[in-house]
Amino acid sequence: MGKAQSKLNPDQLTDLQKNTHFDKKELQQWYKGFLKDCPTGQLNKTEFQKIYKQFFPFGDPSRFADYVFNVFDDDKNGTIDFKEFIMALSVTSRGDVDEKLIWAFQLYDIDKDDYISRDEMFHIVDAIYKMVGSMVKLPPDEDTPEKRVDKIFNLMDNDKDGRLSFEEFKEGSKKDPTIVQALSLYDGLV
């Protein structure tokens, strides 16, 4: 393995400037920081979980971090390289609503069948509840993952088939923006 190159080459930099919401200087700064934390140029799932633990010290973010890791790891090789990291960060922190919705849909669609089942929604919502722990006071109709999933499906599952298409998810998320707020973790960082 060894160390990754210390600077992005001009082609990489140009590609990332075209495909992210970051400018040249920001990309260079993010790359420098990424290499400081990941000298090999690769971030594994355990290291990714440690980052989440810093943000959520009173809960258990490991399962949610796993789900997020799987969306960041675009090529599914078990690690996140700088390009995967910065592309996902760009969408989650500076993307427009539609970009964020696509990204969030990918997060909830665990089996990648282009639908979100109740079970998939439950897994993500349960992981979020475990991550935030008792730090967030929830209204009575959302104080368990089951109640939250029921509320989401009542709002979004227009054809009542027990699964959400991207269109249903998109329309429902505009009615209930808390669905996509899992992404807001990055808002203060960037």
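Quick one: in region 1-14, of everything that is in contact (Cβ under 8 Å) with a residue 12 or more places away in the chain and outside any helix (DSSP H, G or I), which residue is nearest to Ile86 (Cα to Cα)? Don't jump to the end; show me each part of the working.
In the first step, residues of region 1-14 are kept if they are in contact (Cβ under 8 Å) with a residue 12 or more places away in the chain; the result is 1-8, 12-13.
Within this subset, residues satisfying the condition of being outside any helix (DSSP H, G or I) are 1-8.
Values: Met1: 21, Gly2: 21, Lys3: 19, Ala4: 16, Gln5: 16, Ser6: 16, Lys7: 15, Leu8: 12 Å.
In this case the residue turns out to be Leu8.
Which condition from (1) touching a residue at least 12 places away in the same chain (Cβ under 8 Å); (2) open to solvent by less than 70 Å² (accessible area, probe 1.4 Å); (3) assigned to a helix (DSSP H, G or I) is the one that Glu99 breaks?
(1)
Name, by its number, the condition in (1) in a helix (DSSP H, G or I); (2) farther than 24 Å from Asn70 by Cβ that does not hold for Lys137.
Of everything listed in (1) in a helix (DSSP H, G or I); (2) farther than 24 Å from Asn70 by Cβ, Lys137 misses just condition (1).
Yes/no matrix, rows are residues, columns are (1) in contact with a strand residue (DSSP E or B) (Cβ under 6 Å, 6 or more places away or on another chain); (2) of a type in the set (Gly, Ala, Ser); (3) at pLDDT 90 or above; (4) not in a loop (DSSP other than H, G, I, E, B):
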{"position": "Phe85", "(1), (2), (3), (4)": "no, no, yes, yes"}
{"position": "Ala88", "(1), (2), (3), (4)": "no, yes, yes, yes"}
{"position": "Lys112", "(1), (2), (3), (4)": "no, no, yes, no"}
{"position": "Ile124", "(1), (2), (3), (4)": "no, no, yes, yes"}
{"position": "Glu171", "(1), (2), (3), (4)": "no, no, yes, yes"}
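Restricting to region 25-79, what's the tally of residues that are in a helix (DSSP H, G or I), β-branched (Val, Ile, Thr) and within 30 Å of Thr14 (Cβ to Cβ)?
Qualifying residue count for the region: 3.
Please determine, by comparing only the residues of region 128-173 that are basic (Lys, Arg) and open to solvent by 30 Å² or more (accessible area, probe 1.4 Å), which one is farthest from Leu107 (Cα to Cα).
Lys137
Show the residue pairs that are 6+ apart or on different chains and have beta-carbon atoms under 9 Å apart, the first residue being within region 15-41 and in contact (Cβ under 8 Å) with a residue 60 or more places away in the chain and aliphatic (A, V, I, L, M), the second being open to solvent by less than 50 Å² (accessible area, probe 1.4 Å) and part of a helix (DSSP H, G or I).
Final answer for the pair search is Leu16/Leu27; Leu16/Tyr31; Leu16/Phe82; Leu16/Ile86; Leu16/Ser90.
When you go through Glu120, Glu146 one by one, which is the residue that is at pLDDT 95 or above, closer than 24 Å to Asp98 by Cβ and outside any loop (DSSP other than H, G, I, E, B)?
From the options Glu120, Glu146, the qualifying one is Glu120.
Among the candidates Lys76, Lys83, Lys50, single out the residue that is under 16 Å from the mean Cα position of the chain (by Cα), open to solvent by 80 Å² or more (accessible area, probe 1.4 Å) and at positive phi. Spell out the reasoning first.
Values: Lys83 fails: at positive phi; Lys50 fails: at positive phi.
Only one candidate passes the filter, namely Lys76.
Return a yes/no flag: does region 15-37 have any residue that is open to solvent by less than 70 Å² (accessible area, probe 1.4 Å), among the polar types (S, T, N, Q) and modelled with pLDDT under 95.
No, region 15-37 has no match at all.
The values are calculated or read from the model by the stated rules, or taken from the named source; none is laboratory data. Computed from a prediction, not measured in an experiment: that's the story for all the values here. Quick reminder, even Gly has a Cβ in these numbers, built from the backbone with ideal geometry, and neighbours come from all protein chains shown. SASA here: full protein model, heavy atoms, side chains in, ligands and nucleic acids out. Shrake-Rupley method; radii C 1.70, N 1.55, O 1.52, S 1.80 Å.
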